[in-house]
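The values are calculated or read from the model by the stated rules, or taken from the named source; none is laboratory data. Just so it is clear, the model here is predicted, and its values are computed rather than measured. Methodologically, a virtual Cβ is constructed for each residue, glycine included, from the backbone with ideal geometry; neighbour enumeration extends over all protein chains shown.
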Amino acid sequence: MIIASFYLLPTVTASLLNGLLIIIALFITYQQFDSFTLPRLIGSLILTNIFSLAFSMFMESKNRQLSEKDKVSQLRNGTLELIASSSKLSTILHSVIHNVEHTYPEAICSILLLDKSGKHLVLGAAPSLPNFYNEAVEGITIGYGIGSCGTAAFTKKRVIVSDISTHPYWANWAELAKKAQLGACWSEPIINDKGEALGVFAIYHRKISTPKDIDFSLIEQVSNLVCIAIERDKVDNIIWQQANFDNLTQLPNRNLLLEHLATALDNAKREKKQLAIAMLDLDNFKDVNDSLGHSAGDALLIESAKRIKNCLRSNDIVARLGGDEFIVVLVGTATAIDVDKVGQKLLSTLSQPYIIDGKSIHCTASIGAALYPDDAMSIDALLTNADQAMYSAKMRGRNNINYFTENMRTELLKRMEIIQDLRIAITQQQFHMVYQPIVNLKNHNIAKAEALIRWQHPEKGLIPPADFIPIAEEAGLITEISEWIFNQVSRQVKHWRLTYCQDLMISINTSPVQYRNQGKQIIAWTESLKARNISPQAIAFEITENLLMENKTEVVNVLDKVRQQGIAVSIDDFGTGYCSFSYLKNYAIDYLKIDKSFVQNMSTNNNDAALCEAIIVMASKLNIDVIAEGIETEQQQEFLTEAGCLFGQGYLLSKPLTKDDFEQLIIKQNNKIKPESKLTT
């Protein structure tokens, strides 16, 4: 019964119960035993109880040890499973911390890792420590006496601090630890097989605490597991790097390129955008390799890779296929000009001299380009076409860019020719202005006109604005052309207002490009009018409704400044874009110009007539005057007048006129204005 009680009851309870039972048994039966037998019986019972107690305590101790070992074993097995499954290092570290803290609730754990320099500790995992504490520890320089962890990482030895508040290592961190309610810190360096420190595993306690043998065992086990995880992560990173990057140039290789290219192509398909692939091959690279050796060739490849990367945008892709071949992927390119700009930049940059081993080396490149979706729909086809175009570029003399499709090449050549001609036209002033009157439909007076640019090419004749304005915007020439237009129109309108018509207003078409960078050119124009004593009512700026909707904040800020100066703003081609009245009530607009496509179809399409009438009514409610464009018949003019449209513009009223013809029209209207009626603007 004595022995059985120690199996059935807690040790102390069994011992006390057995003592009580012995006393009761002796009290009841002591008269049955003689003086010789009774002491022996008492002694045997007491000894049995004592030995049973000792054995029970021994077994409890063994069970605790086995339980602790089992906990550590479970922790080790769980961590090794994560490592074997190639889980992320961050996942493994957080799992280790979670398991230790779950098993030992009084422990607060932290894993700090050494950075690439081996001189600073960075956070690996410490979910239970306060954020302010982790932020303070992040990036700490290791060294002797720099806290427990800094010292352990520096000395590569275990550091046990039982009382943080009094330990010299924590002199500069005592307040921080107090704020975090930390009383003790045991730090174990994480050391690999080469004796290199990888980081530190630390166990904190809220109160002053000294580790036991079992604690040391836990610290060592966890440190070894974390070491294995870190080393495995390094190996995985090395393997991934070698599998996906070129060892020489550190650029992505074909494997990683195909991954990136697949993603870029999917995005281009989804967003309906263009994607360009350029195959680039260094000219005469073999000669450099053969004459100066492979080390010089390697240096040339490394420098070429750097130059190529510097020519590209952050979202573009460059990879080395091997040898002297590189692939460039231009993501989201809009036109052939965009591709050619990058190509010309690459050619120019790569043709600059290379200084290798003290020698100046010249090396050019040949580039072949293929576009999605124009040239091919698949990655393989795009790469093949770009490769063929690159070899064609080499056959054409090297140091140039060649396109896979002749159609694209033809289009590009045409655009490049227009750009070149535009530059000459700006210099030689081949442009001239015409003015199309805007007529008051009620009294048929002319008090407004739209200024329109014309380009008289010396060989090609008159080139329509639609053929060169978009190209001028893409090529960055529109600002210079617009400046010429403004100077011509402002000078002319000042003369006309002084001489013939004091209320005359000329509207100028503006480009979206001019509203970038806080609309510096537009704002400069308002200042120019003021400086030249030209009334702000002499000029109106025309914008498209798409511009207003797509660049709300930037454009509206510019227009607000324009209207503060008293200059009118007109929305051109209204109805062809968003056609939304919702923004008109929020923005100060002076005029709406109904697009000619609606006006010209009014006679055959009742919907267009209804739309025109609705625009006129709604604009009137918002105190916005309406100008109808493209009036070509008496029927159209009559309908618009009856609908309440105040102004009209079109060939029925007047075609665009040269400045001399427009001036004669004003003179005729004013019936020879007398000199005394002239007013200063």
For segment 447-490 the number of residues that are within 27 Å of residue 527 (Cα to Cα) and in a strand (DSSP E or B) is 8
Mind checking which residues of segment 599-615 are surrounded by fewer than 23 Cβ atoms within 10 Å (Cβ to Cβ) and under 23 Å from residue 451 (Cα atoms)? 600
Residue satisfying all of: in segment 555-582; surrounded by 16 or more Cβ atoms within 10 Å (Cβ to Cβ) and either basic (Lys, Arg) or on the phi > 0 side of the Ramachandran plot (or both); modelled with the lowest pLDDT among these: 575
Test for residue 289: is it in contact with a helix residue (DSSP H, G or I) (Cβ under 9 Å, 6 or more places away or on another chain), modelled with pLDDT under 85, on the phi < 0 side of the Ramachandran plot and assigned by TED's automatic domain parsing to the domain that holds residue 395: yes
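Within segment 168-190, which residues are farther than 20 Å from residue 98 by Cα, in contact with a Ser or Thr (Cβ under 8 Å, 6 or more places away or on another chain) and not aromatic (Phe, Trp, Tyr)?
Of segment 168-190, the ones farther than 20 Å from residue 98 by Cα are 168-179, 183.
Next cut, in contact with a Ser or Thr (Cβ under 8 Å, 6 or more places away or on another chain) only: 169-170, 174, 177-178, 183.
Correct list: 174, 177, 178, 183.
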Of the residues in segment 416-430 that are more than 13 Å from residue 477 (Cα to Cα) and part of a helix (DSSP H, G or I), the one that is modelled with the lowest pLDDT is 417
Which condition breaks for residue 344 when tested against (1) assigned to a strand (DSSP E or B); (2) under 31 Å from the mean Cα position of the chain (by Cα)? (1)
Qualifying positions in segment 358-371 - touching a residue at least 40 places away in the same chain (Cβ under 8 Å) and surrounded by fewer than 23 Cβ atoms within 10 Å (Cβ to Cβ): 359, 361, 363, 364
Check residue 355 against each of (1) touching a residue at least 40 places away in the same chain (Cβ under 8 Å); (2) of a type in the set (Val, Ile, Thr); (3) outside any helix (DSSP H, G or I) and name the one condition it does not meet. (1)
Scan of segment 210-226 for residues that are surrounded by 19 or more Cβ atoms within 10 Å (Cβ to Cβ) and either farther than 21 Å from residue 127 by Cα or of a type in the set (A, V, I, L, M, F, W, C) (or both), ordered by number: 218, 219, 222, 225, 226
Please determine, by comparing only the residues of segment 466-489 that are surrounded by 14 or more Cβ atoms within 10 Å (Cβ to Cβ) and small (Gly, Ala, Ser), which one is modelled with the lowest pLDDT. 475
The lone exception for residue 383 - which of (1) within 34 Å of the chain's Cα centre (by Cα); (2) free of Cβ contacts under 8 Å to residues at least 60 places away in the same chain; (3) in the same structural domain as residue 333 (by TED's automatic domain parsing); (4) in a helix (DSSP H, G or I) it fails: (2)
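May I ask you to list the residues in segment 616-636 that are in contact with a strand residue (DSSP E or B) (Cβ under 6 Å, 6 or more places away or on another chain) and buried (at least 19 other Cβ atoms within 10 Å of the Cβ)?
Just the residues of segment 616-636 that are in contact with a strand residue (DSSP E or B) (Cβ under 6 Å, 6 or more places away or on another chain), to begin with: 616, 619, 624-629, 631.
Across segment 616-636, the qualifying residues are 616, 619, 624, 626, 627, 628, 629, 631.
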Over segment 454-487, the set of residues among the polar types (S, T, N, Q) and within 14 Å of residue 428 (Cα to Cα) is 456
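Could you tell me whether residue 128 is part of a loop (DSSP other than H, G, I, E, B) and under 18 Å from residue 97 (Cβ atoms)? Explain how you work it out, then say what you get.
Details: part of a loop (DSSP other than H, G, I, E, B): yes; under 18 Å from residue 97 (Cβ atoms): yes.
It is true that residue 128 is part of a loop (DSSP other than H, G, I, E, B) and under 18 Å from residue 97 (Cβ atoms).
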Pick out the one residue from 548, 529 that is buried (at least 20 other Cβ atoms within 10 Å of the Cβ) and either within 19 Å of residue 483 (Cβ to Cβ) or modelled with pLDDT of 85 or more (or both). 529
Residues in segment 186-209: is at least one touching a helix residue (DSSP H, G or I) at 6+ places or on another chain (Cβ under 7 Å), of a type outside the set (Asp, Glu) and part of a loop (DSSP other than H, G, I, E, B)? yes
Test of understanding: among 367, 317, 337, 327, which residue is touching a Lys or Arg at 6+ places or on another chain (Cβ under 9 Å) and within 18 Å of residue 386 (Cβ to Cβ)? 327
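Would you call residue 491 more than 30 Å from residue 414 (Cα to Cα) and charged (D, E, K, R)? Lay out the reasoning, then the answer.
Numbers: more than 30 Å from residue 414 (Cα to Cα): yes; charged (D, E, K, R): yes.
Considered against the rule, which asks whether it is more than 30 Å from residue 414 (Cα to Cα) and charged (D, E, K, R), residue 491 comes out as yes.
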Considering each residue of segment 225-283, count those that are over 30 Å from residue 373 (Cβ atoms), in contact (Cβ under 8 Å) with a residue 60 or more places away in the chain and out of contact with any helix residue (DSSP H, G or I) (no Cβ under 8 Å at 6 or more places or on another chain), and give that number. 1
Read through the list (1) surrounded by fewer than 14 Cβ atoms within 10 Å (Cβ to Cβ); (2) in contact with a strand residue (DSSP E or B) (Cβ under 7 Å, 6 or more places away or on another chain), then give the number of the only condition that residue 463 fails. (1)
Which condition breaks for residue 274 when tested against (1) closer than 18 Å to residue 386 by Cα; (2) surrounded by fewer than 17 Cβ atoms within 10 Å (Cβ to Cβ); (3) polar (S, T, N, Q)? (2)
Go over the candidates 265, 251, 261, 256 one by one and state the one that is out of contact with any Phe, Trp or Tyr (no Cβ under 8 Å at 6 or more places or on another chain) and not basic (Lys, Arg). 261
Quick test for you: out of 418, 446, pick the one residue that is under 30 Å from residue 657 (Cβ atoms), surrounded by 18 or more Cβ atoms within 10 Å (Cβ to Cβ) and either among the charged types (D, E, K, R) or in contact with a strand residue (DSSP E or B) (Cβ under 6 Å, 6 or more places away or on another chain) (or both). 446
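Of the residues 269, 273, which single one is assigned to a loop (DSSP other than H, G, I, E, B) and under 18 Å from residue 333 (Cβ atoms)? Show your work before the answer.
Numbers: 269 fails: assigned to a loop (DSSP other than H, G, I, E, B).
On inspection, the qualifying residue turns out to be 273.
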Failed criterion for residue 168 (all others in (1) over 17 Å from residue 122 (Cα atoms); (2) surrounded by 23 or more Cβ atoms within 10 Å (Cβ to Cβ) hold): (2)
